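Values in this text are rule-based calculations from the coordinates and carry no lab data. Everything quoted here is computed from the prediction, not taken from an experiment. No Cβ is skipped: glycine too gets one built from the backbone with ideal geometry, and neighbour counts run over all protein chains shown.
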Amino acid sequence: MTRTALITGAAGGIGSAVAARLLADGWQVAGLDLVGTGPAGVRMHHADATDPAGVRAAVAAARAELGRLDALVTCAGLTEGAPLHETTDEQWHRVLDANLTSVFHCVREVLPAMLEAGSGTVVTVGSVLHRTAAPGLPAYAAAKGAIAALTRQLAVDYGRYGLTFLTLSPGWVRTPATESRLGPHAERDLARLRESNPLRTVPDAERFADAVALALSPAAALLTGSELVLDAGARLVSPASLLRDAHRERLGLPPLDA
């Protein structure tokens with residue numbers, strides 16, 4: 001039986017890569033996004049993931065088209081922020097709604113179909129930035145931390161019905177949107193990002209999609225409730241080790257003045 005999936009944020013860099021990977025693996029794929037188009041072959045439904053009525057209608061339409069919903073991957077989100085004392089109420093709620101409330105709406109709407117089928121997998125997209133903070137992103141960090149907590153709760157509440165839930169928390173993922181934030185010294189900054197992790201890589205969205213495919217495989221069922229950190233091992237490296245030439249030599253990096 002052909003498996004089916006709904007991808008939120010399917011017109012974005014990560015969401016479109018996930019949709020393309022699942023299509024290549026033989027899935028039938030529906031996408032939900034406010035604007036834009038997904039890869040060829042994705043049945044797109046335009047809706048605001050923060051609007052419960054819009055999500056309800058889009059999920060119902062996707063289920064009618066696909067016949068069933070085996071998986072949901074929540075790629076919709078927004079990276080925006082300011083130091084907490086400068087964060088407005090509007091900004092706080094906008095970021096939490098885009099990243100967290102959207103997950104609540106979408107999971108709530110797909111659960112009846114999965115419960116009826118007695119199976120299903122939800123993959124939520126978190127971030128390393130609720131574990132290692134970046135300056136000026138309090139609402140984003142709070143939302144991503146809450147996503148991991150919500151996913152654990154869902155695994156406990158619905159596991160006995162045959163449903164599984166995982167969070168994938170990436171570090172830097174190279175997409176057009178993230179590269180646009182690097183500024184005039186993009187290549188220098190990408191080199192620094194590469195040297196900050198043991199694999200010497202800045203993964204692109206296709207590499208993240210590989211991890212989603214793994215999370216949706218039957219072999220991943222026993223990982224339910226887990227958060228998998230996809231940062232190429234960056235969290236393992238002491239930042240101080242990147243500042244001393246002796247340490248850099250042991251890490252296989254050139255001297256700082258090279």
Taking each pair of different alpha-carbon atoms in segment 97-142 once, compute 1/r for the pair, average those values, and report the inverse of that mean as the Kirkwood hydrodynamic radius in Å to one decimal. 12.5 Å
On C-alpha positions alone, give me the angle between the axis of helix 52-66 and the longest principal axis of the chain, in degrees, nearest 10. 70 degrees
Any idea what diffusion coefficient segment 1-126 gets from Stokes-Einstein, in µm²/s, Kirkwood Rh on alpha carbon pairs, 10 °C, 1.306 mPa s? 108 µm²/s
Given the peptides 162-168, 54-60, 116-122, 69-75, arrange them by the average over their residues of other C-beta atoms within 10 Å, most packed first. 69-75, 162-168, 54-60, 116-122
Suppose every K and R has +1 on its Cβ and every D and E has -1 on its Cβ; what is the size of the dipole of the chain about the Cα centre, in Debye to the nearest 20? 560 debye
What are the residues whose amide H is under 5 Å from the amide H of ASP204, where those residues sit 5 or more places off or on another chain and H is modelled from the backbone? ARG174
Sorted by packing (mean other beta-carbon atoms within 10 Å per residue), highest first, where do 139-146, 227-234 land? 139-146, 227-234
Equivalent ellipsoid semi-axes - Cα gyration tensor, segment 1-64, angstrom: 19, 14, 8
Averaging over every viewing direction, what projected area does the convex hull of the Cα atoms of segment 41-102 cover, in nm²? 5.1 nm²
Given the alpha-carbon gyration tensor of the chain, what are the semi-axes of its equivalent ellipsoid in whole angstrom, ordered largest first, with each equal to the square root of 5 times an eigenvalue? 33, 20, 18
List the residues, sorted by chain then number, that are 5 or more residues from VAL122 or on another chain and whose placed amide H is less than 5 Å from its amide H. LEU72, THR164, PHE165, LEU166
Can you tell which of ALA11, GLY118, GLY136 lies farthest toward the positive end of the dipole of segment 1-136, using +1 and -1 charges on the Cβ of basic and acidic side chains (Lys, Arg; Asp, Glu)? GLY118
So the angle from the long Cα axis of helix 138-158 to the longest Cα principal axis of the chain, reported in degrees to the nearest 10, equals 50 degrees
Only Lys, Arg (+1) and Asp, Glu (-1) charged, at Cβ; segment 3-108 dipole about Cα centre in debye: 600 debye
Longest to shortest principal axis, alpha-carbon extents of segment 69-222, angstrom: 52, 39, 23
